[in-house]
Amino acid sequence: MTRALLFGGSFDPIHHGHLIVARFVAEQLGVVRVVLIPGAAPPHKLDRQLTVGAERLAACRLAVADEPLFEVCDWELTQPGPNYTLNTVNHFRAALGPGVELCWLLGMDSLLELHTWYRATELVELCTFVTAVRPGCVPPDAAQLARHFSPAQAARLVTHIVASPCLDIASTEIRARVRAGRSIRYLVPGPVRKFIDERGLYRA
């Protein structure tokens, strides 16, 4: 069975931290396909105003234009209203068929909140959640996760925690640097930096 690594997020903007961790995890899993899925406002963060989806999508495509490992999917951005990860996973299951194992890349902060996601216990049966350790986050143990998931589900979630490169780069910081007129060189791919500058993104 082949594997596809799905990586959803706001990507506002996409940066080197996203790409380096995704490549590292893909190599650990033996994955030959990483799908970046920029989304609309997530249901649990409707109070945050995201940059227009078309701009974030374009930046993602520029970031991986010459990378055969990566592709970018606009499916979530085409859906009406708030979208749930469960819907996205079901979409890829139908599109890729039963012969592909779906893996979903998480950050540690998202793992700790996973039980709050829509139909979370059903979701962890439909795909393999792979969690990349982020700086400053302490991985939970199976007992912690078993408060919200079955023991078998909790054990699987813990098994798939990956000690990835600890790159403390955040989209929030990048947006703040642009507003302050500071350089974001080395934080984002060159084409993305040029795109942000040309479009005047994050200045206000």
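What follows draws every value from the coordinates through simple rules; no lab data is involved. It should be emphasised that the depicted structure is a prediction, and the values quoted were computed from it without experimental measurement.
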For this session: Would you please give the residues with an amide H less than 5 Å from that of residue 131, counting only those at least 5 places away or on a separate chain, with H modeled from the backbone geometry?
Result: 106, 161, 162
Problem set entry | Diffusion constant of the range 2-199 at 20 °C, which comes from Stokes-Einstein with the Kirkwood Cα-pair radius and 1.002 mPa s, µm²/s | 123
